[in-house]
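Visitor: Handing you this structure, nothing more for now.
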Amino acid sequence: MGAAPNAPAEEGGSFTPDWRSASAPLALLIVLTLAFTGLIVFSLQDSSAKEGGPAPAFSITTDHGKTITQDSFGGKLLVLHFWATWCGGCVQEIPSLNVFQRKFADKGVVVVAISIDKNPEKYKSFLEKIPVSYATARDPNADISTEYGTFQYPETYLIKDGRVVHKYANAENWTNDDITQYVESLL
């Protein structure tokens, strides 16, 4: 009776491996490694909104029931503000952002503040205690801020004619002369 394929030969013989049976798992491992590497490289690409670049499109319903999109503000300067009630810097900005909105409302500036608060009751209660003079909306899944590349709050984008003209990545004093003069230069 003959020996089974790839079985060791009688004592003193040699073993000859069948590389064909080992090549399929190796090929699969190589393909999976390349696919995983490609996925990592693709996911690391920065697709966030950049100054001078197009502002990502969005649609959201404000707390007063009005559906707005980026295109709702044609020709106006949109101040798109991402915030949360639990964010200390965000809360500190509210008084100056209120003054800013009142100062520029008649000049073609619109502030829209999108909160990432998950709890609707806490969010509503907060806005009842601390009223704001600008449009607010809640995006609990942070879909819009993620589209803009915002992961730290507060963060604010100035958008004119569909393009991001400036980005503020920290809490700001919106009554500061540098900011107000810059905004006036955009109008």
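A short reminder: the numbers here are calculations on the coordinates, not readings from a lab. Bear in mind that the values here come from a model prediction, so they are computed numbers and not experimental data. Reconstructed Cβ throughout: ideal geometry from the backbone, glycine too, with neighbour counts over all protein chains shown.
Visitor: Under a 5 Å amide H to amide H cut-off, with H placed in plane at 1.01 Å, what residues pair with A135 once short-range neighbours are removed?
Guide: V111, A113
Visitor: Ranked highest first by the average count of other Cβ atoms within 10 Å around their residues, in what order do 166-179, 134-147 fall?
Guide: Put in order of decreasing packing, that is 134-147, 166-179.
Visitor: With θ set to phi - 60° and the Karplus curve 6.51 cos²θ - 1.76 cosθ + 1.60, what are the ³J(HN,Hα) couplings of region 84-89 in order, to the nearest whole Hz, using x for Gly and Pro?
Guide: Listing the rounded values in order: 7, 5, 8, 8, x, x Hz.
Visitor: Next question. Work the Kirkwood hydrodynamic radius out for region 35-187: mean of 1/r over every pair of different alpha-carbon atoms, inverted, in Å.
Guide: Every distinct Cα pair counted, the radius reaches 16.0 Å.
Visitor: Considering only DSSP beta bridges with both partners in region 63-187, what is the antiparallel share in %, to the nearest 5?
Guide: Approximately 50 percent, going by the DSSP bridge assignments.
Visitor: Same structure again: Sort K129, K160 so that the residue with the fewest other Cβ atoms within 10 Å of its own Cβ comes first and the one with the most comes last.
Guide: K129, K160
Visitor: Moving to a separate point now. Which residue, F126, G65, L97, has the largest displacement toward the positive end of the dipole of region 59-186 when charges sit on each Cβ (Lys, Arg +1; Asp, Glu -1)?
Guide: G65
Visitor: Here is a further query. Which links in K50/K76; K76/K122; K107/K160; K50/K103; K122/K160 stretch past 21 Å when you go from one Cα to the other?
Guide: K76/K122; K50/K103; K122/K160
Visitor: Under 25 Å from the Cα of K118, which lysines turn up, not counting those fewer than eight places away in the same chain?
Guide: Straight-line reach from K118, under 25 Å: K66, K129, K167.
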